[in-house]
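Everything below concerns the one structure shown next.
Each reported figure results from applying straightforward, stated rules to the coordinates on display, with no laboratory input. Since the structure is predicted, the reported quantities are computational estimates derived from the model, not experimental observations. Here the Cβ positions follow ideal geometry from the backbone for every residue, glycine too, while neighbour counts run over all protein chains shown.
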Ligand code: SF4
């Protein structure tokens with residue numbers, strides 16, 4: 001867990017998903033792809049795992065926010081996709097709180113999966129690879145966010 | 001009061017961050033493996049390459065914790081050298097022990113690395129003291145990990161009748177009491193933990209969403225269907241729900257995790273040397289959470305058995321992390337026996 005941050009369990013009200021789904025989805029994809037590229041560049045993502053993502057398409061859907069990001073991995077770079085693929089190679093779905101808990105290492109992905117708070121569909125082996133790749137990242141010590149401090 | 005001897009806490013490390021989490025939260029030893037078929041947790045993206053291995057061993061050992069390397073699959077015909085190389089690598093790295101299952105590899109390693117400490121893996125499926133004493137006599141095995149099939153009384157009988165240290169499982173997903181002998185995964189997919197290093201390999205698993213919930217298939221075989229908010233488990237055949245004589249239920253095993261907190265004092269009293277946490281496939285977060293909880297319980301036990309009581313907070317934390325969100329004493333307690 002990243003010290004000092006606690007993400008509570010929460011669910012955004014349904015109205016947000018309704019509004020969110022009507023907003024352009026392209027910026028989420030761009031932001032996520034940019035972040036992933038930055039992580040790959042500084043060597044946070046292991047090269048051998050990255051190679052195995054080549055040519056695959058991904059969708060990340062934040063259910064309660066109504067946001068969808070989709071991107072593909074080509075030539076060692078994550079590229080946002082303009083349209084959400086009908087059958088991506090891998091699709092992650094969860095509410096915002098679960099994604100945040102996952103990213104801050106407050107919650108274990110398998111626990112979220114058992115509790116049905118995280119759904120992974122598509123190529124299961126690819127899903128496992130991505131999950132394990134995220135787990136193996138040694139995050140640099142982030143400056144503490146005083147906003148969230150316990 | 002003199003501190004009593006309590007079992008060592010052995011924790012899983014599927015990645016470098018998980019290893020560090022285990023060490024930082026109080027593991028006495030971590031177990032890990034290479035990224036190949038010599039490892040019974042050979043999953044995509046998991047485990048250690050050489051660089052991570054070197055750093056992991058250094059991280060643990062400079063903090064006076066042990067590193068145990070699991071080379072716990074069965075050497076496949078014509079490729080024995082791959083398994084030998086893994087053992088040689090472990091010896092070069094200076095790990096504290098290797099955990100082996102294959103009798104041929106045990107024999108070979110005992111000859112080529114007489115100073116390397118050998119542990120008998122749970123995959124070796126030694127459930128009685130004769131089998132363990134055989135491994136001791138022939139290969140100099142110093143510790144055996146017992147399969148999760150024995151009652152506490154049976155574990156005690158084993159401990160009393162062998163000079164070999166005994167390690168038992170303390171927490172984690174259950175492998176349906178047939179470690180090293182299970183054919184379910186092989187039957188469904190042609191691959192199994194003993195051969196390719198994974199039960200129900202992910203490439204055969206499909207999670208299908210439908211309006212009624214989520215169906216799980218293993219190589220096309222429907223093994224379970226979960227309603228919308230129903231807790232799920234791993235996609236192994238043993239944890240599937242099947243129709244038997246008109247009734248659909250968990251015919252082999254429920255998706256649940258073993259948890260020995262309640263019987264920790266008995267485990268220590270009968271002389272078990274170490275308690276193992278399952279879960280190299282899980283994240284650093286899980287490792288930190290389980291290690292921290294069991295460390296607290298073992299430390300409390302070390303202060304005196306009379307004072308030991310299971311704190312509700314420990315149970316709550318472990319139940320939350322469990323597969324299917326429920327825990328069991330598994331075979332340790334079999335009142336119907
Ligand atoms: S099917 Fe179940 S019992 Fe068999 S190896 Fe897999 S987890 Fe263990």
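Observations on the model:
- Mean projected area of the Cα convex hull of the stretch A:66-108, taken over all directions, amounts to 4.1 nm².
- Normalised by the number of residues in chain B, the average gap of Cα pairs under 8 Å and 6 or more apart makes the relative contact order 21 percent.
- At q = 0.12, 0.14 Å⁻¹ the log10 of I(q)/I(0) for the stretch B:1-72 amounts to -0.32, -0.42, computed by Debye summation with a single uniform scatterer per C-alpha, solvent ignored.
- For chain B, adding -39500 (n - 2.57) for each run of n ≥ 4 DSSP H residues and dividing by the number of residues yields -9500 deg cm²/dmol at 222 nm.
- B:38, B:256 arranged by Cβ crowding within 10 Å, fewest neighbours leading: B:256, B:38
- In the frame of its principal axes, the stretch B:89-142 has Cα extents of 32, 18, 17 Å, reported largest first.
- Stokes-Einstein diffusion for the stretch B:197-250, with the hydrodynamic radius set to the Kirkwood value over Cα pairs and evaluated at 4 °C in a medium of 1.567 mPa s, equals 111 µm²/s.
- Rg/Rg_ref, the stretch A:28-135, where Rg_ref = 2.2 N^0.38 Å and atoms are Cα: 1.00
- Cα-derived Rg to Rh of the stretch B:125-170, Kirkwood definition: 0.92
- Relative to the compact-globule estimate of 2.2 N^0.38 Å, the Cα radius of gyration of chain B comes out at 0.97.
- Rg and Dmax of the stretch B:159-298, both derived from C-alpha coordinates alone, stand at 17.6, 57 Å.
- Listed residues B:102, B:88, B:212, most fluctuating in chain B (Gaussian network, C-alpha, under 10 Å): B:212
- Length-normalised contact order for the stretch A:28-135 - Cα pairs under 8 Å, 6+ apart - percent: 25 percent
- Quarter of the Cα convex hull surface for the protein assembly as shown, i.e. its orientation-mean projected area (nm²): 25.2 nm²
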